[in-house]
Structures are given as C-alpha cells and as structure tokens.
Ligand SMILES: [Zn+2]
C-alpha cells in the first residue's frame, strides 16, 4: 500500500481513493492536477489519497462503475489516428 499526500503525482497511479473510509477505487482523470485530484466520474478529492497501480488489489475492494465505464468508452472511442 502506498499512501501519499495531496501533492502526489496521480499520473503514477491507475487507481485512487480518498483515505477517509471509501472502499471504491476511482480512475484519476488527469495526470496534470497535482493538488486537486479528480476522478473520471467527476468526483473531486480534497483529502489525502491512497493510490495503487495494482488492478488485482483495487478489484478486491471494487472499482467505481462510472469511472470504469468512462475508461472503457475512452479506450474504444479515443482513436489516436496514427
Ligand atoms: Zn469514480
């Protein structure tokens, strides 16, 4: 488990969740927001975050269904064109 403060680089993490009791893991929406981390589903985290890149670990606690849906549609629709 890796616990960091708000200054974490969410670009390093595949999954994030607030430390304050939530079990569900969200997908970070941006790797540029260092101080305000947002999830793809629109959830904005203003408290310290727990991060992981471990799909199996995050799957055990559950993934935010909205985040997963957006992630899936992004990887399908987001055609780079090259
Ligand atoms: Zn979410």
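Checked against the criterion of being surrounded by fewer than 17 Cβ atoms within 10 Å (Cβ to Cβ) and modelled with pLDDT under 90, region 47-58 contains one or more residues that satisfy it. Tallying residues that are modelled with pLDDT of 85 or more and surrounded by fewer than 11 Cβ atoms within 10 Å (Cβ to Cβ) within region 20-43 yields 1.
The values are calculated or read from the model by the stated rules, or taken from the named source; none is laboratory data. Just so we're clear, the structure is a prediction, and the values are computed from it rather than from any experiment. Note that each Cβ is placed from the backbone with ideal geometry, even for glycine, and that neighbours are counted across all protein chains shown.
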